[in-house]
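Quick one: this structure, given as structure tokens, is what I'll be asking you about.
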Amino acid sequence: MPAELACFEERCRARFPITDVLYNCPRCGGLLEAVYGKPAQASDQLKKLWRERRASNAPLDQSGVWRYREFIPFLDDYAGVVTLREGCTPLLPAPKAAAYGGLGSLSFKHQGFNPTGSFKDNGMTCGAAQAVRLGMKRVACVSTGNTSASMAAYASAAGLQPIIFIPHGNIAFGKLAQALEYGAKTVQVEANFDQILALVRRLAERLGIYLLNSINPFRIEGQKTIMAEMLDQRDWQVPDWVVLPGGNLGNTSAFGKGLRELKEWGFIDRLPRLAVIQAEGAAPFYDLVHSPDRSRLHPVAHPETLATAIKIGDPVSWPKALYEVCTSGGVVEKVSEQEIADAKSIIGLCGIGCEPASGATLAGIRKLTRAGIIKKDSDVVAVLTGNVLKDPNYIHDYHTGRLQDPCGRRIVANFGNPPVVFPNDGDAIAEFIGS
Ligand code: F0G
């Protein structure tokens, strides 16, 4: 079966050509997804081929996304693909974090090792390839920072004009700096993420600009490969849990779809359970999953969290994410600013580090093991979504005891490690360091 776009809504499931420029179903307004038939090769053959490609110097094979191209077969040819060698991110055992989270062992799939420092690169190489295939000249997104950094890089590399929209004063400086450096036309709008997304959707249609937010189904295809690569690195041993932070819920949708397809196509024999972690001040998905009526998400009008990457009150992909959490027997948890900050610093003490949104994963694991939902001996993979250098101000404020939550309450630096200022006095410094 050739690749098609399909409406995600069970009652509709309308199909459209893969080259239609669509973000929602024209019939019912539902979310769209890319659909394919089962790959021609058997799963064992593909596992072998994908492993062999790791030794190849061909650009597509060096990409941790396009290495798995039989798993995301939406292109007819690969001439328009721009790869910055995205993916290829490590799976790192983290004993200190495991102990803190109440687990015997834990590994982090660290997407912060990507070319622009977040998991967005996995999706963006696919979104940019589709933009090139469609003959688009300009691409746009609204972003809490990482999508814009990634889109700016991939669009510029592909010869497309990147235009980004960001909530004024609400993104980490490292991310804004990246967008400027990669040459994006940068619009800082005095509104929040959800309001700007509505605006950008209207502008994209009016000006014929291709939209590369995670509502774009090709981004989701690329992000699926995070699960394929993680399983490949584990020799296809399925973990009990995959834990990830939730904002706009594109990643939850991508991981769920990817894992289901890998099961359907015989790569794995069971699904891991998904645990999605939100920040307390921006937790509409948590509220939805814990409400008796799951038919409609109630947006949080003024989302608040220092983990700005997940400061989203009206996540567009919630219907897909809800389906994936339910299908995998998953859970949704929420964590406080203090819990995020402490968990993040423990990840730092493992020598790994991450940005605040990613710290929510370990905070969530700690809460879920304490509640007996994740068992101590469970096999858990947590996905760290962004690099430690994305938000250095947060880190400095935490360690120097200056970090305040959005309500102005001081966050306690339980694992603080402030720098110490000395005069140029060797004896005093030697005394401080100790013998
Ligand atoms: N972690 C990081 C570091 C992110 O940048 C994001 C999303 C998420 C987690 C949440 O992922 O939206 O798929 O649930 N950042 C988007 C952006 C919204 O604009 O960069 P999600």
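Hey, does segment 358-375 have a residue that's free of Cβ contacts under 8 Å to residues at least 60 places away in the same chain and within 18 Å of GLY117 (Cα to Cα)?
Taking every residue of segment 358-375 in turn, at least one turns out to be free of Cβ contacts under 8 Å to residues at least 60 places away in the same chain and within 18 Å of GLY117 (Cα to Cα).
Out of the residues in segment 135-165 that are hydroxyl-bearing (Ser, Thr, Tyr) and open to solvent by less than 20 Å² (accessible area, probe 1.4 Å), state the one that is farthest from the ligand (Cβ to nearest atom).
So, considering only residues that are hydroxyl-bearing (Ser, Thr, Tyr) and open to solvent by less than 20 Å² (accessible area, probe 1.4 Å), the one farthest from the ligand (Cβ to nearest atom) is TYR154.
Restricting attention to segment 115-130, report how many residues are open to solvent by 10 Å² or more (accessible area, probe 1.4 Å) and either within 9 Å of the chain's Cα centre (by Cα) or within 13 Å of the ligand (Cβ to nearest atom) (or both).
Qualifying residue count for the region: 2.
Here's a follow-up. Residue pairs, Cβ under 6 Å, 6 or more apart or interchain, first in segment 77-104 and in contact (Cβ under 8 Å) with a residue 12 or more places away in the chain, second charged (D, E, K, R) and open to solvent by less than 40 Å² (accessible area, probe 1.4 Å). List them.
Going by the 6 Å Cβ cut-off, the qualifying pairs are GLU86/ASP121; GLY87/GLU229; LEU91/LYS109.
Something else: For segment 174-187, check the following and say yes or no: at least one residue is in contact with a Pro (Cβ under 8 Å, 6 or more places away or on another chain) and open to solvent by 50 Å² or more (accessible area, probe 1.4 Å).
yes
For segment 65-106, which residues satisfy the criterion of being open to solvent by less than 20 Å² (accessible area, probe 1.4 Å) and farther than 27 Å from LEU134 by Cβ?
Hits for segment 65-106 are THR89, ALA94, ALA97, ALA98, GLY101, LEU103, LEU106.
While we're here: Find the residue count for segment 216-234, including only residues that are part of a loop (DSSP other than H, G, I, E, B) and open to solvent by less than 10 Å² (accessible area, probe 1.4 Å).
1
Provide a single number: the residues in segment 264-319 that are among the charged types (D, E, K, R), closer than 20 Å to ALA360 by Cβ and part of a helix (DSSP H, G or I).
Total meeting the criteria: 2.
Each row is one residue, and each column tells you yes or no for (1) open to solvent by less than 10 Å² (accessible area, probe 1.4 Å); (2) over 20 Å from the mean Cα position of the chain (by Cα); (3) modelled with pLDDT of 95 or more.
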{"residue": "ARG273", "(1), (2), (3)": "no, no, yes"}
{"residue": "TYR286", "(1), (2), (3)": "no, no, yes"}
{"residue": "HIS290", "(1), (2), (3)": "no, yes, yes"}
{"residue": "THR305", "(1), (2), (3)": "yes, no, yes"}
{"residue": "TRP318", "(1), (2), (3)": "no, no, yes"}
{"residue": "ALA321", "(1), (2), (3)": "yes, no, yes"}
{"residue": "GLU337", "(1), (2), (3)": "no, no, yes"}
{"residue": "CYS354", "(1), (2), (3)": "yes, no, yes"}
{"residue": "ALA360", "(1), (2), (3)": "yes, no, yes"}
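Could you check, for segment 245-254, whether at least one of its residues is closer than 14 Å to LEU46 by Cα, out of contact with any His (no Cβ under 8 Å at 6 or more places or on another chain) and crowded, with 18+ Cβ neighbours inside 10 Å?
No, every residue in segment 245-254 fails to be closer than 14 Å to LEU46 by Cα, out of contact with any His (no Cβ under 8 Å at 6 or more places or on another chain) and crowded, with 18+ Cβ neighbours inside 10 Å.
Can you name every residue in segment 240-253 that is part of a loop (DSSP other than H, G, I, E, B) and within 8 Å of the ligand (Cβ to nearest atom)?
Matches in segment 240-253: GLY246, GLY247, ASN248, LEU249.
Can you tell me which residues in segment 376-435 are open to solvent by 50 Å² or more (accessible area, probe 1.4 Å) and touching a strand residue (DSSP E or B) at 6+ places or on another chain (Cβ under 7 Å)?
Selection gives GLN404, ARG410.
Do any residues in segment 284-298 that are more than 15 Å from SER317 (Cβ to Cβ) have Cβ atoms under 7 Å from those of residues that are at pLDDT 95 or above and open to solvent by 90 Å² or more (accessible area, probe 1.4 Å), where the two are at least six apart or on different chains, and which pairs are they?
From segment 284-298, the pairs are ASP287/HIS298.
When you go through (1) touching a strand residue (DSSP E or B) at 6+ places or on another chain (Cβ under 9 Å); (2) hydroxyl-bearing (Ser, Thr, Tyr); (3) closer than 28 Å to GLY159 by Cα one by one for SER63, which number turns out not to apply?
It is condition (1) that SER63 fails.
Ok, one more. Inspect all residues belonging to segment 223-239 and state whether any of them is touching a residue at least 12 places away in the same chain (Cβ under 8 Å), aromatic (Phe, Trp, Tyr) and more than 12 Å from the ligand (Cβ to nearest atom).
Yes, that holds for at least one residue.
Only residues that are within 17 Å of ILE268 (Cβ to Cβ), open to solvent by less than 40 Å² (accessible area, probe 1.4 Å) and in a loop (DSSP other than H, G, I, E, B): list them for segment 31-64, please.
Scanning segment 31-64 gives a single hit, PRO39.
Taking GLU333, is it part of a helix (DSSP H, G or I) and surrounded by 21 or more Cβ atoms within 10 Å (Cβ to Cβ)?
No.
Something else now. Could you please find all residues in segment 366-401 being part of a loop (DSSP other than H, G, I, E, B), in contact with a helix residue (DSSP H, G or I) (Cβ under 8 Å, 6 or more places away or on another chain) and of a type in the set (D, E, K, R)?
Listed by number, the residues that qualify are LYS375, LYS376, ASP391.
The values are calculated or read from the model by the stated rules, or taken from the named source; none is laboratory data. All figures in this text were calculated on a predicted structure; none of them were measured in a lab. Reconstructed Cβ throughout: ideal geometry from the backbone, glycine too, with neighbour counts over all protein chains shown. Calculation scope for accessible area: heavy atoms of the full protein, side chains included, ligands and nucleic acids excluded. Shrake-Rupley method; radii C 1.70, N 1.55, O 1.52, S 1.80 Å.
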